[in-house]
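Only one structure is covered here, and it is reproduced in the block below.
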Amino acid sequence: MSGNAAPQDIVVDRPAEGVARITLQRPDVRNALRTQTLREIAAVLSEAAGDDATRAVVITGGPKVFAAGADVREMQPLGPLDILVHERQRHWRAIATFPKPLVAAVCGYALGAGSELALACDFVVAGTNARFGQPEVNLGLIPGAGGTARLARACGKALAMQMVLTGQPIAAHAALAAGLAVEVDEPESALARAVELAAVIAAKPPLAVRLAKEAVLRAFEAPLAEALAAERQAFALLAASDDRREGIAAFLEKRPPTFTGR
């Protein structure tokens, strides 16, 4: 990834073909998500969105901690109008609207903004040491970047209420049972598995992947009839793609497909 200045809060690498990995790198504060961290993540995703060589992105904090919240010291002096117009909101929108697959590899604490970052991803692979929580109530706050709305949609009202009102985290296997994570493994294996799944996705036809992601997201936001109509429209639209023709031809000819993204 290029840029005018090297990022300070994250490390970006390419662990597999078509896959970019963003690793949060603020171990002294357990990867607390200050504004600069969100700015750097958003910038990498913005570049990845226009890069044909990047077909999926993994976000992780490493094997010990994902992100233990927002940077409270940074947020403390902000008043209501400051918060309302703060640039953080723009960066959160950039993360949530990233058009390509976004996979979270969560080990250790994912609390507050860290949990919200995981919720903004398309799915989560968790380490056995993962802990998901929204402890904002302990500071006289509530979640402000999706920790009520996305959490309730992901795991249902009852568990979301428990997590938000008690501020107490849940463990990895509880997150798996609730639908917050798709797999749980030992920390190092979970990090590798997230990259493996991202690489599987990266090998698929990009247009179909993009429209599939849009269709699934729409299913959570639109009435059923509207979501079904949009799904059918995307299904029909792909009939014009070279990759659809190649995929069907390769299947019938019993050979591996070669997708071009067109």
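Nothing in this text is a laboratory measurement; each read-out follows from the coordinates by a stated rule. Since the structure is predicted, the reported quantities are computational estimates derived from the model, not experimental observations. Using ideal geometry, Cβ is built from the backbone for each residue, glycine included, and neighbour counts are taken over all protein chains shown.
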For the chain, what is the number of Lys pairs with C-alpha distance below 20 angstrom, counting only pairs 8 or more positions apart or on separate chains? 4
Antiparallel DSSP beta bridges within the range 71-172, percent to nearest 5: 20 percent
Could you work out the relative contact order of the chain, using alpha carbon pairs under 8 angstrom and six or more residues apart, expressed as a whole percent? 17 percent
Per the range 206-252, sqrt(5λ) over the Cα gyration tensor eigenvalues, sorted largest first, in Å, gives 24, 10, 8
What Kirkwood hydrodynamic radius, in Å, does the chain give when the mean of 1/r is taken over all pairs of distinct Cα atoms and then inverted? 19.2 Å
Assuming 0.36 nm per residue, please report the length gained on full extension of the stretch E226 to E17 beyond their Cα-Cα distance. 71.7 nm
So if I take the centroid of the Cα atoms in the range 1-58 and the same for the range 213-262, what is the distance between those two points in Å? 28 Å
Cα-based convex hull volume of the range 19-63 per residue, rounded to whole Å³: 56 Å³
Are there any GluC sites (Glu not before Pro) in the range 1-51 that are in a DSSP loop and have at most 15 other Cβ atoms within 10 Å? List them by number. E17
With everything on Cα atoms, drop me the angle between helix 206-221 and the longest principal axis of the chain, reported from 0 to 90° to the nearest 10. 50 degrees
If each of A6 and D28 carries a label point 7 Å out from its Cα toward its Cβ, how far apart are those two points in nm? 1.7 nm
Relative to the longest principal axis of the chain, what angle (0 to 90°, nearest 10) does the C-alpha long axis of helix 87-96 take? 40 degrees
For the range 10-202, give the share of DSSP beta bridges that are antiparallel, in percent and rounded to the nearest 5; count only bridges with both residues there. 25 percent
The convex hull of the Cα atoms of the range 1-142, divided by residue count, gives a volume in Å³ per residue of 112 Å³
Calculate for the chain the 222 nm mean residue ellipticity that helices alone would give, adding -39,500 (n - 2.57) per DSSP H run of length 4 or more and normalising by residue count, nearest 500 deg cm²/dmol. -14000 deg cm²/dmol
Extension gain from L237 to T258, taking 0.36 nm per residue of separation minus the Cα-Cα distance: 5.6 nm
Within 10 Å, count the other beta carbons around each residue, average over each peptide in 23-29, 96-102, and list them highest first. 96-102, 23-29
To the nearest 0.05, the calculated FRET efficiency linking L81 and Q36 through their beta-carbon distance, R0 being 30 Å, is 0.90
For the chain, built as a Gaussian network whose Cα springs stay under 10 Å, the top-fluctuating residue of A171, A43, A227: A227
If each of A171 and E183 carries a label point 7 Å out from its Cα toward its Cβ, how far apart are those two points in nm? 2.2 nm
How far is helix 157-166 tilted off the main Cα axis of the chain, in degrees rounded to 10, range 0 to 90? 30 degrees
Non-local residues with an amide H under 5 Å from the amide H of R55, with H modelled 1.01 Å from N and Pro and chain starts lacking one, are V19, A20
